[in-house]
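Scroll down for the structure; my scribbles are underneath it.
Every number in this text was worked out from the coordinates using simple rules, so none of it is lab data. Predicted, not measured: the structure shown is a model, and the values here were computed from it. Virtual Cβ from ideal backbone geometry, glycine too; neighbours counted across all protein chains shown.
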Amino acid sequence: MAETESTTSRRKRRTPEEASIDPAAQQMLACADQMGIGTAFSRADALAPCGIGAVGMCCSLCAMGPCRLTKDGLTGVCGATIDTVQARNFIRAVAAGSAAHSDHGRDMAFTLKAVANGETEGYTIRDVPKLRTVAGYYDIPVEDRTPEEIANDLADLYIAQFGQQRGAIVSVQRAPEKRQKLWNELGVVPRGIDREVVEALHRTHMGDDQDAAHILHHAVRTALADGWGGSMIATDVSDILFGTPAPVLGEANLGVLQDEMVNVIVHGHEPTLSQMMVAASQDPEIIAYAKAAGSEGISLSGFGCTANEILRRQGVPAAGNFLQQELAILTGAVEAMVVDVQCIMQALVGLAENFHTKIITTSQKVKLKGATHIEFDERHALTIAKDILRAAIDNYANRGKTQIPDFKSSLVPGFSHEYINYMLGGSYRASFRPLNDAIKAGRIRGVAAIVGCGNPRIQHDSYHTTITEELLKQDVLVVETGCSAIANAKMGFLLGDAGLDRVGPGLREVCETIGIPPVLHMGSCVDNTRILTVLTQMVEEGGLGDDIDDLPAVGLAPEWMSEKALSIATYCVASGVYVIMGGYNPVAGRGDKVPDSTLVSEYLSSGWGEEYGGKLEFLDDPQEMIRRTLEHIDAKRKALGLPEYDPTQFGQSGDVRLEGIEELPFEESQAALYGGVPAS
Ligand code: BF8
């Protein structure tokens, strides 16, 4: 049955303006209200979160329960304490997040192996220099060998990391030396990616590990297997196969949908599918087929991390972030939404029944009841991508009335760590020295990574943009991934000339001198590994301490919702980063109270702080997140002996160049600022 208002009960209902700050989202939410159609926003209003489960007081790991520990001192039937229950729930979420990212990495490694052996259709090794660089990390011979021979060896090595039983996964050697030593001393170096995830599940089976600190110790090992393992493999291989990103001009928001075109949206995470959809959408035969169907052609766009994959490589527009997937269907203008894995709402199929939109699943791991399944297979990738597009084109004739919001923003994504290196130092002196020097001088106060999801229980995009806006004023350079990057793109922060009047004086000088936006879009969620690499390079460049926990840097996931976010947070903390997550704290409950801290939340903060120099905190007030971010950055500056932050010293240079740039036509100004290639 199509989901309608009548299928959800009514509680206090937010207005579209209360639910989202994005005008395109507001317009479509108003439209949903008029049509009586439910969305994640109205379902969140109608369905209060479980007050027991939300703060970690429920154990459902065996059939003696579920045990709800709603009185202080109460234990489960087996005697499990609230601390044990919360630690178990936490590590299970980390294990699921680590598994999701890492399985994506595994599929990428298998695709690399298949490409190296000529077993795929449509893929090539696009970035041979990156292949040689990555192979070089692991002493894979590169001289006098073909790219395919090198790729075959690298793929074998990477595939082996998943099933390895002993030793250390190879990619941890890319962390700062001091950090690796610490991990070795603490016994958290991952032995094999799958092994750590399986052990997390074993330890949390009934009757196993019952010491909260001991359980959380393994949560670190499981998360490191993601950040310095599975996700890093995913990033490396996607660059090798599809090209290391460099700045490119793109657009974001629902206004990228086009009335006269066949609109196809790709949504999910794995670039193997989306990259082939880009190639197929440019095929003359497919374009001719779309025109023969009465349209002007094909308009491809993306959601969430899939959007980020094709946005920063080919400038394919992002239709929006996670919470806009349903809103796109409400436009009535989408012929097909093509999904693979992760962050796909089951509500899509029921919602699409109100329109003509086809939901097409493509992964052998993910089916949605009621959707059309066209399974993707790398051996016939281009053929399958064309079949999917033909199905979408055939559906164009069924389109009814449309309502596409007239809102979209330009952005410049594509800041891989390789490009940042080049951009800071040029071809001959590529290095992080100018960034480190700007931080040491106080022009840049510090660095914040603002990442992660949207959560319909928080006003859509509001925490991401509020925090970004204030940190930029405070001369904090912001790097971004995931749905947060798209939130800020919609606010115009990912264009230098559009955002610099809202940026502190020192940071503005740096951005104008180098020619960068004040917010650097570094990719999808698996690409948080690019941020780990940037932090490592800042350490290795010198002058800012000798480990990641010395840096004036903070990580924030203000609107998180997925288990992957907890895995990312945990590996970042173990790498030495102070991480702040917004919304509710999943380990905050004790009895009938939510006290200031529980043993587990204290351990994630001070306990991990003592062990790793990073800490994890959950805060629900964006102003408090900003205050603690700046406090941490200033404390790190002081510990490094750097001058106190003083914005009055900066901002006197750069204006002449900016004025000149502003006189140029828009696309030329972007190309001049970033050296990027305007998207066609
Ligand atoms: O991996 S930021 S909502 S799309 S989980 Fe999902 Fe969160 Fe978006 Fe990508 Ni990441």
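Amide H to amide H under 5 Å from GLY243: which residues, 5+ apart in sequence or cross-chain, H placed 1.01 Å off N in plane?
ARG126, ASP127
If one puts a single equal scatterer on every Cα of the range 326-457 and applies the Debye formula without solvent, what log₁₀ I(q)/I(0) results at q = 0.15, 0.17, 0.23 Å⁻¹?
-0.88, -0.98, -1.39
At q = 0.16, 0.21, 0.25 Å⁻¹, what base-10 log of I(q)/I(0) does the Debye formula yield for the range 461-523 when every alpha carbon is treated as an equal point scatterer in vacuo?
-0.41, -0.71, -1.01
Tell me, what ³J(HN,Hα) does each residue in the range 73-78 have, in order and in whole Hz, if you take phi through Karplus 6.51 cos²θ - 1.76 cosθ + 1.60 with θ = phi - 60° and put x for Gly and Pro?
Coupling constants for the range 73-78: x, 5, 10, x, 4, 7 Hz.
Work out the FRET efficiency for GLU148 and THR402 from their Cβ-Cβ distance, taking R0 = 41 Å, and round it to the nearest 0.05. Could the numbers behind the result be given before it?
Numbers: r = 46 Å, r/R0 = 1.13.
Efficiency, rounded to the nearest 0.05: 0.35.
Expressed as a whole number of Å, what is the distance separating the alpha-carbon centroids of the range 378-434 and the range 207-270?
15 Å
Could you give the length gained by full extension between LEU47 and GLU540, i.e. 0.36 nm per residue of separation minus their alpha carbon distance, to one decimal place? The partial results should precede the final answer.
On the way: separation 493, 0.36 × 493 = 177.48 nm, distance 4.89 nm.
Taking LEU47 through GLU540 to full extension adds about 172.6 nm, to one decimal.
Just to be sure I understand the model, the point goes 7 Å from the Cα along the line to the Cβ. What's the resulting VAL77 to ASP646 distance in nm?
If labels sit at VAL77 and ASP646, their model points lie 6.7 nm apart.
Jot down the per residue volume, in cubic angstrom and as a whole number, of the convex hull over the alpha-carbon atoms of the range 556-610.
Spread over its residues, the Cα hull of the range 556-610 gives 79 Å³ apiece.
Find how much the distance from ASP620 to ARG457 grows on full extension, using 0.36 nm per residue of separation minus their present alpha carbon separation; answer in nm with one decimal. Don't jump to the answer; show the numbers that get you there.
Working: separation 163, 0.36 × 163 = 58.68 nm, distance 1.13 nm.
Computed gain between ASP620 and ARG457 is 57.6 nm.
Using a Debye calculation, one point per C-alpha and no hydration shell, please list log10 I(q)/I(0) for the range 437-485 at q = 0.30 Å⁻¹ in order.
Each listed q corresponds, in turn, to -1.08.
Can you order the peptides 542-551, 163-172 by their average number of other Cβ atoms within 10 Å per residue, highest first?
Numbers: 542-551: 19.5, 163-172: 16.2.
Descending mean neighbour count gives 542-551, 163-172.
To the nearest 20 debye, what is the magnitude of the charge dipole of the chain about its Cα centre, counting +1 on the Cβ of each Lys and Arg and -1 on the Cβ of each Asp and Glu? Working shown, then result.
Details: 59 positive and 89 negative charges, 275 e Å.
I would put it at about 1320 debye.
Under a point-charge model restricted to the Cβ atoms of Lys and Arg (+1) and Asp and Glu (-1), what is the dipole moment magnitude of the range 395-515 relative to its Cα centre, in debye to the nearest 20? Working shown, then result.
Details: 13 positive and 12 negative charges, 48 e Å.
Rounded to the nearest 20 debye, it is 220 debye.
Given H placed on each backbone N at 1.01 Å, which residues far from TRP560 in sequence or on other chains put an amide H within less than 5 Å of it?
CYS453, GLY582
For the range 165-210, what is the Kirkwood estimate of the hydrodynamic radius, computed as the reciprocal of the mean inverse distance between distinct Cα atoms, to one decimal in Å?
Details: mean 1/r = 0.0846 Å⁻¹.
That comes to 11.8 Å for the range 165-210.
Treat the count of other C-beta atoms within 10 Å as a stand-in for reagent exposure and order MET561, MET345, MET276 from fewest to most.
On the way: MET561 21, MET345 18, MET276 25.
Placing the least packed residue first, the sequence is MET345, MET561, MET276.
Just subtract the alpha-carbon distance of MET64 and GLU663 from 0.36 nm times their residue separation and send over the number in nm, one decimal. Before the final figure, lay out each step's value.
Numbers: separation 599, 0.36 × 599 = 215.64 nm, distance 7.15 nm.
Full-extension gain reported as 208.5 nm.
How many nm separate the modelled label positions at GLN346 and GLU610, each set 7 Å beyond the Cα in the direction of the Cβ?
Roughly 4.3 nm, to one decimal.
How big is D, in µm² s⁻¹, for the chain by Stokes-Einstein at 20 °C and 1.002 mPa s if Rh is the Kirkwood radius over C-alpha pairs? Intermediate values should be presented prior to the final figure.
Details: Rh = 25.5 Å.
In µm²/s, the coefficient rounds to 84.
Quick one: what Rg and Dmax do you get for the range 352-407 from the alpha carbons, in Å?
Using the Cα atoms of the range 352-407, the pair Rg, Dmax is 13.5, 40 Å.
Go through the range 432-449 residue by residue and turn each phi into a ³J(HN,Hα) via Karplus (6.51, -1.76, 1.60, θ = phi - 60°); whole Hz please, and just put x for glycine and proline.
Calculated HN-Hα couplings, in order: 8, 4, x, 5, 4, 5, 5, 5, 4, 6, x, 4, 9, 5, x, 10, 10, 9 Hz.
Please give, to one decimal in nm, the separation of the simple spin-label points placed at LYS12 and TYR138, each 7 Å out from Cα toward the Cβ.
The two pseudo-label positions are separated by 5.3 nm.
Please list, ordered by chain and number, the residues whose modelled amide H lies under 5 Å from the amide H of GLU251; skip anything fewer than 5 residues away on the same chain.
It is ALA318, LEU411, by chain and number.
Among VAL539, GLY609, GLY589, which residue has its Cα positioned farthest towards the positive end of the charge dipole of the range 491-639, with +1 placed on the Cβ of Lys and Arg, -1 on the Cβ of Asp and Glu, and the dipole taken about the Cα centre?
GLY589
Taking every Cα atom in the range 267-403, find the radius of gyration and the maximum pairwise distance Dmax, and write them in Å.
Gyration radius and largest Cα-Cα distance of the range 267-403: 13.7, 39 Å.
What share of all Cα pairs of the range 473-593, in percent, falls into each consecutive 5 Å distance bin?
Over the range 473-593, the share of Cα pairs per 5 Å bin runs 2, 10, 17, 20, 20, 16, 8, 4, 2, 1, 0, 0 percent.
Taking the Cα centre of each part, how many Å lie between the range 515-531 and the range 593-627?
Between the Cα centres of the range 515-531 and the range 593-627 lies a distance of 25 Å.
How big is the Rg/Rh ratio for the range 299-344, C-alpha atoms only, Rh by Kirkwood, two decimals?
Working: Rg = 10.1 Å, Rh = 10.9 Å.
Rg/Rh: 0.93.
Given the convex hull over the Cα atoms of the range 105-158, what projected area results after averaging over all orientations, in nm²? Before the final figure, lay out the partial values.
Details: hull surface 13.9 nm².
That works out to 3.5 nm².
Please pull out the direction-averaged projected area of the range 240-327, using the convex hull of its alpha-carbon atoms, in nm² to one decimal place. Please list the in-between numbers first.
Values: hull surface 23.4 nm².
Average of the hull's projected areas for the range 240-327 equals 5.8 nm².
Using unit Cβ charges (K, R positive; D, E negative) and no other charged atoms, how large, in debye to the nearest 20, is the dipole of the range 98-229 about its Cα centre?
Values: 15 positive and 21 negative charges, 90 e Å.
Around 440 debye, computed over the range 98-229.
Considering every Cα-Cα pair within the range 171-272, what fraction, in whole percent, is farther apart than 16 Å? Please list the in-between numbers first.
Numbers: 3664 of 5151 pairs.
The proportion of pairs with Cα distances above 16 Å equals 71 percent.
Tell me which GluC sites (Glu not before Pro) from the range 228-312 have a DSSP coil assignment and no more than 13 other beta carbons within 10 Å of their own. Don't skip to the answer; put the middle values down first.
On the way: sites: GLU251, GLU260, GLU285, GLU296, GLU309; in loops: GLU260, GLU296.
Passing sites in the range 228-312 are GLU260, GLU296.
Using a/c under 1.5 as the rounded threshold, could you call the range 32-145 rounded, prolate or oblate? The axes a ≥ b ≥ c are square roots of the C-alpha gyration tensor eigenvalues, and prolate needs a/b larger than b/c, oblate otherwise.
Numbers: a/c = 3.96, a/b = 1.84, b/c = 2.15.
Oblate, since a/c reaches 1.5 and b/c is not below a/b.
When a footprinting reagent is the concern and you count Cβ atoms within 10 Å, what order do ILE444, ILE287 take, fewest first? Walk me through the numbers before you get to the answer.
Working: ILE444 27, ILE287 18.
Ascending number of Cβ neighbours within 10 Å: ILE287, ILE444.
How are the Cα pair distances of the range 504-566 distributed, in percent, across 10 Å bins from 0?
Values per bin, smallest distances first: 17, 37, 39, 7.
Using the count of nearby Cβ atoms within 10 Å as a rough guide to exposure, how do HIS417, HIS202, HIS632 rank from fewest to most? Please list the in-between numbers first.
Numbers: HIS417 23, HIS202 11, HIS632 19.
Ranked by crowding around the Cβ, least crowded first: HIS202, HIS632, HIS417.
Can you work out the PRE-style zone for LEU382? Point 7 Å along Cα to Cβ, and I want the residues of the range 266-280 with backbone N under 16 Å.
273-280
With a bin width of 10 angstrom, please list the P(r) values of the range 526-619 as percents of all Cα-Cα pairs, from the 0 bin to the one holding the largest distance.
16, 46, 28, 8, 1, 0
Residue by residue through the range 392-403, which ³J(HN,Hα) values in whole Hz follow from phi under the Karplus form 6.51 cos²θ - 1.76 cosθ + 1.60 (θ = phi - 60°), with glycine and proline marked x?
5, 5, 4, 7, 4, 5, 8, 5, x, 5, 10, 8
Rounded, prolate or oblate for the range 127-201? Axes are the square roots of the Cα gyration tensor eigenvalues, ordered a ≥ b ≥ c, and the cut-off for rounded is a/c under 1.5.
Values: a/c = 3.30, a/b = 1.68, b/c = 1.96.
Oblate, since a/c reaches 1.5 and b/c is not below a/b.
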